[in-house]
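Peer 1: Here it is: the structure, laid out below.
The values are calculated or read from the model by the stated rules, or taken from the named source; none is laboratory data. Note that the structure is a prediction, hence the values are computed from the model and not measured. When we count neighbours, we look across all protein chains shown, and the Cβ atoms used for this are built from the backbone with ideal geometry, even at glycine. When the accessible area is computed, the model is the full protein with side chains, heavy atoms only, and any ligands, DNA or RNA have been set aside. Shrake-Rupley method; radii C 1.70, N 1.55, O 1.52, S 1.80 Å.
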Amino acid sequence: MKKILLISLLFVSCYSVDRNCTEFKTGSFEFSTSINDSIVKSNFIRTDNYEIEEFYGVKDSSTIRWVNDCEFILTKINPKTNQEKRPIRINILRTYGNSYDFEYSQVNNPQRINRGTVNKVPD
């Protein structure tokens, strides 16, 4: 029994996920995703309080409220639709190099979770 417990602890302790989220609180970033079988990119700049995104030449701004070092809420400043009025919860799952994997969902719809990867680009 002790051997099984020891082996289990070894496997669990060998797998740890890096989450150095504070490195990604501010800076310039790029997000790529697949829409209708093509890869699209958006670029954004994140400050302590705001995120300014550019997608197909259109800029959009959101406020940021950090829940903890790895989770924050984005709320559009000038929403054009009811859907855009709903805040988005973003949770950084893993960091590595200049990238992080995250999941996101609308605050009022936590059952529908999407995932993505963001790359930090040099300023």
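Peer 1: I'd like the full set of residues that are hydrophobic (A, V, I, L, M, F, W, C) and part of a strand (DSSP E or B), limited to region 48-70. First the steps, then the outcome.
Peer 2: To start, the set of residues in region 48-70 that are hydrophobic (A, V, I, L, M, F, W, C) comprises 52, 55, 58, 64, 66-67, 70.
Listed by number, the residues that qualify are I52, F55, V58, I64, W66, V67.
Peer 1: For the subset of region 104-123 comprising residues that are without any contact (Cβ under 8 Å) to a residue 24 or more places away in the chain and surrounded by 14 or more Cβ atoms within 10 Å (Cβ to Cβ), which member is farthest from the chain's Cα centre (by Cα)? Can you show your working first?
Peer 2: First, the residues of region 104-123 that are without any contact (Cβ under 8 Å) to a residue 24 or more places away in the chain: 104-106, 108-115.
Keeping just the survivors that are surrounded by 14 or more Cβ atoms within 10 Å (Cβ to Cβ) gives 104-106.
Working: Y104: 7, S105: 10, Q106: 13 Å.
The qualifying residue farthest from the chain's Cα centre (by Cα) is Q106.
Peer 1: Any chance you could count how many residues in region 44-64 are exposed (fewer than 13 other Cβ atoms within 10 Å of the Cβ) and hydroxyl-bearing (S, T, Y)?
Peer 2: We begin by selecting, within region 44-64, every residue exposed (fewer than 13 other Cβ atoms within 10 Å of the Cβ); these are 47-49, 56-59.
Now drop any that are not hydroxyl-bearing (S, T, Y), which leaves 47, 56.
Total meeting the criteria: 2.
Peer 1: Okay, next question. Which of the residues that make up region 1-47 are modelled with pLDDT of 80 or more, part of a strand (DSSP E or B) and more than 15 Å from the chain's Cα centre (by Cα)? Quick ask: steps written out before the conclusion?
Peer 2: Initial filter on region 1-47 (modelled with pLDDT of 80 or more): 19-32, 36-47.
Add one more test, that the residue is part of a strand (DSSP E or B), and what stays is 27-32, 38-46.
Of everything in region 1-47, those that are modelled with pLDDT of 80 or more, part of a strand (DSSP E or B) and more than 15 Å from the chain's Cα centre (by Cα) turn out to be S38, I39, V40.
Peer 1: Which residues, counting only those in region 49-85, are touching a helix residue (DSSP H, G or I) at 6+ places or on another chain (Cβ under 7 Å) and small (G, A, S)? First the steps, then the outcome.
Peer 2: Taking region 49-85 first, the residues touching a helix residue (DSSP H, G or I) at 6+ places or on another chain (Cβ under 7 Å) are 69-70, 76, 79.
Those that are touching a helix residue (DSSP H, G or I) at 6+ places or on another chain (Cβ under 7 Å) and small (G, A, S): none in region 49-85.
Peer 1: Something else: Find all pairs meeting these conditions: Cβ atoms under 6 angstrom apart; at least six residues apart or on different chains; first residue within region 31-51 and under 20 Å from I64 (Cβ atoms); second residue of a type in the set (D, E, K, R) and open to solvent by less than 40 Å² (accessible area, probe 1.4 Å).
Peer 2: Cβ pairs passing all conditions: F44/E51.
Peer 1: Kindly indicate the residue of region 48-64 that is out of contact with any Asp or Glu (no Cβ under 6 Å at 6 or more places or on another chain) and closer than 25 Å to R19 by Cα and also modelled with the lowest pLDDT among those meeting that condition. Please lay out each step first, then the result.
Peer 2: Looking only at region 48-64, we keep the residues that are out of contact with any Asp or Glu (no Cβ under 6 Å at 6 or more places or on another chain), and these are 48-52, 54-59, 61, 63.
Still in the list and also closer than 25 Å to R19 by Cα: 48-52, 63.
On the way: D48: 91, N49: 94, Y50: 97, E51: 96, I52: 96, T63: 97.
The extreme case among them is D48.
Peer 1: Hey, Y100 hits all of (1) over 23 Å from D18 (Cβ atoms); (2) buried (at least 16 other Cβ atoms within 10 Å of the Cβ) but one; which does it fall short on?
Peer 2: With (1) over 23 Å from D18 (Cβ atoms); (2) buried (at least 16 other Cβ atoms within 10 Å of the Cβ) applied to Y100, the lone miss is (1).
Peer 1: Among all residue pairs at least 6 apart or on different chains, which show Cβ distances below 6 Å where the first residue, located in region 65-87, is at pLDDT 95 or above and surrounded by 11 or more Cβ atoms within 10 Å (Cβ to Cβ) and the second is of a type outside the set (F, W, Y) and assigned to a loop (DSSP other than H, G, I, E, B)?
Peer 2: C70/R19; I73/P87; T75/P87; P87/V107
Peer 1: Please verify whether N119 is touching a strand residue (DSSP E or B) at 6+ places or on another chain (Cβ under 7 Å), within 16 Å of T33 (Cβ to Cβ) and among the polar types (S, T, N, Q), treating the condition exactly as stated. Lay out the reasoning, then the answer.
Peer 2: Values: touching a strand residue (DSSP E or B) at 6+ places or on another chain (Cβ under 7 Å): yes; within 16 Å of T33 (Cβ to Cβ): yes; among the polar types (S, T, N, Q): yes.
For N119, the condition - touching a strand residue (DSSP E or B) at 6+ places or on another chain (Cβ under 7 Å), within 16 Å of T33 (Cβ to Cβ) and among the polar types (S, T, N, Q) - is met.
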